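*Asks:* Structure below; questions to follow.
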């Protein structure tokens, strides 16, 4: 495949101003909602009295999580040819640092372009695997979050119905992932029926073809089982880091509550947001942690510690990755 297909595909011009026009007001709105009732003296006291030695546990766990994500992405990529794990890890971290500091999840394209050119796989194939990996992550988050919610004692009728709807959506998404690669001709015909101008239809068809290539990487039962097992380990490790992390402010959550928090944060990333998900991140933290016994001040304090630690880890490994992947 043409390594420059992603960059050179025809289509409408990008409009970065439109992204900011949407994301900035949303960030301000969610940040206002998250901070509106914060007791600031309590907030500062919570930060001052934090048990920051716990970071010596959470930072290595977070770094391990990123390594596991590189191992998982490599499962997709090795459908084409064997790749050294360090190369995949550095490209992955290059993508994460770009996502942290650039808008519109630019890191997905940048990590794919960097790895595609360095390994000779081509940007198109690597981007397809990256997008397929993200889709499966969303499906896993929906299913794990649904199961975790059901473990939390009394679940109201409305919430129980929402959980089942989420679980059904996750299973439908998984079924689509398994079936779609064998139905490319049908999918392309359906796209051809859409009343779209040629400037939009051509890139959409090319994007769909690339995406299906990435999805085919897991048609092997062995690769699929390895991917699923690693996905479970990744989210359990991440939830364990959350369980450890809240102890910095002398609070506690269980593993299921950690999974619920991660599911909410992960799914909220679909909302157009500024780099770092400022506003959205704080709002989700306050909304999810409130029912688990956190005051708004404590939830905002933990969100600052969690987000700051995340930036520290991603920046450290990402800068090395940018140098290594060149």
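*Asks:* Which one of these is within 30 Å of residue 183 (Cβ to Cβ), surrounded by fewer than 17 Cβ atoms within 10 Å (Cβ to Cβ) and over 15 Å from the mean Cα position of the chain (by Cα): 225, 267?
*Replies:* Only one candidate passes the filter, namely 225.
*Asks:* Turning to a different aspect of this structure: Could you list, in sequence order, the residues of the stretch 273-303 that are more than 19 Å from the chain's Cα centre (by Cα) and either within 20 Å of residue 48 (Cβ to Cβ) or crowded, with 24+ Cβ neighbours inside 10 Å (or both)?
*Replies:* Scanning the stretch 273-303 gives 286, 289, 294, 295, 296, 297, 298, 299, 300, 301, 302.
*Asks:* While we're here: Condition (residue is touching a helix residue (DSSP H, G or I) at 6+ places or on another chain (Cβ under 8 Å), assigned to a helix (DSSP H, G or I) and either under 30 Å from residue 302 (Cβ atoms) or at pLDDT 85 or above (or both)) applied to the stretch 191-198: is it met by at least one residue?
*Replies:* There is no residue in the stretch 191-198 that is touching a helix residue (DSSP H, G or I) at 6+ places or on another chain (Cβ under 8 Å), assigned to a helix (DSSP H, G or I) and either under 30 Å from residue 302 (Cβ atoms) or at pLDDT 85 or above (or both).
*Asks:* Please find, among 162, 169, 148, 140, the residue that is over 25 Å from residue 206 (Cβ atoms), modelled with pLDDT under 80 and touching a helix residue (DSSP H, G or I) at 6+ places or on another chain (Cβ under 7 Å).
*Replies:* From the options 162, 169, 148, 140, the qualifying one is 169.
The values are calculated or read from the model by the stated rules, or taken from the named source; none is laboratory data. Please read all numbers here as calculations on a predicted model, not as lab measurements. Glycine also receives a Cβ, built like all others from the backbone with ideal geometry; neighbour counts cover every protein chain displayed.
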